[in-house]
1. What is the magnitude of the charge dipole of segment A:1-83 about its Cα centre, with +1 placed on the Cβ of each Lys and Arg, -1 on the Cβ of each Asp and Glu, and no other charges, expressed in debye to the nearest 20?
2. Any idea of the accessible area per residue across segment B:38-114, 1.4 Å probe, to the nearest Å²?
3. How big is the B-A contact in terms of buried accessible area, both chains counted, 1.4 Å probe, rounded to the nearest 100 Å²?
4. How big is the charge dipole of segment B:38-114 about its Cα centre, in debye rounded to the nearest 20, if each Lys and Arg gets +1 on its Cβ and each Asp and Glu gets -1 on its Cβ?
5. Rank B:H7, B:H76 by accessible area, highest first, at a 1.4 Å probe radius?
6. Taking a probe of 1.4 angstrom, what is the accessible area of B:S12 in Å², to the nearest 10?
7. Go through segment B:23-29 residue by residue and turn each phi into a ³J(HN,Hα) via Karplus (6.51, -1.76, 1.60, θ = phi - 60°); whole Hz please, and just put x for glycine and proline.
8. Based on the Cα gyration tensor of chain B, what are the three equivalent ellipsoid semi-axes, each the root of five times an eigenvalue, rounded to whole Å and given largest first?
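The values are calculated or read from the model by the stated rules, or taken from the named source; none is laboratory data. From a predicted model like this one, the values you see are computed outputs, not experimental measurements. When we count neighbours, we look across all protein chains shown, and the Cβ atoms used for this are built from the backbone with ideal geometry, even at glycine. These accessible areas exclude ligands, DNA and RNA; they are computed on the full protein's heavy atoms, side chains included. Shrake-Rupley method; radii C 1.70, N 1.55, O 1.52, S 1.80 Å.
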Amino acid sequence: ETGVTQTPRHLVMGMTNKKSLKCEQHLGHNAMYWYKQSAKKPLELMFVYSLEERVENNSVPSRFSPECPNSSHLFLHLHTLQPEDSALYLCASTRDRGTDTQYFGPGTRLTVL
Amino acid sequence: GENVEQHPSTLSVQEGDSAVIKCTYSDSASNYFPWYKQELGKRPQLIIDIRSNVGEKKDQRIAVTLNKTAKHFSLHITETQPEDSAVYFCAATSWQGGSEKLVFGKGTKLTVNP
């Protein structure tokens, strides 16, 4: 599937590193999302962008910093992460913000040492 | 805010049997209830959804039922096959802070034994 792509697929970083996750959607959608998926926990919504404007930030620590330069690209900048931040980070997009079908990317498996 | 409870957390069935996964939600204003399937190492994908103006929806071997009064909805898979093995997530809409978003359950790991 090539609708929503994410890079890298796997990332190992130290607590003092700075890295970025990238998401790209080729579906012409107007809304993009970052989710965190940890073992035995529900999918946690982190950020929502609609038409490149951040419309939601679900009390996410400031060590996670999103960026949406245009409606097709979404980044998640990471710095001074903690081991408990290790998880699968999923990007998703919808045609418009709201209750449209969410199209997920393959995710980035992040390990913080 | 919305709270979505999903049960069971794991489910093992024999091939050909039926599987039922149940979810409850707390926000009476919720009006959209999708189900996602996530195979091992793959992304979640929508398999079926239902809106609050209907009580049941069917797509081949998959069906979803909704009881708005009781605030619960269920996924039914009939004639299960090994390829149905995956983690299934339910979700419900929630209005918070003037915006609508999906709140997911914790997931059910379904194993279909050949």
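1. Result for segment A:1-83 is approximately 460 debye, rounded to the nearest 20.
2. About 50 Å² of surface per residue is accessible.
3. The buried area between B and A, both sides summed, comes to about 1800 Å².
4. 280 debye
5. The most accessible residue leads, giving B:H7, B:H76.
6. Approximately 80 Å² of B:S12 is accessible to the 1.4 Å probe.
7. With the stated coefficients, segment B:23-29 comes to 9, 10, 9, 10, 8, 5, 7 Hz.
8. Its equivalent ellipsoid spans semi-axes of 25, 15, 11 Å.
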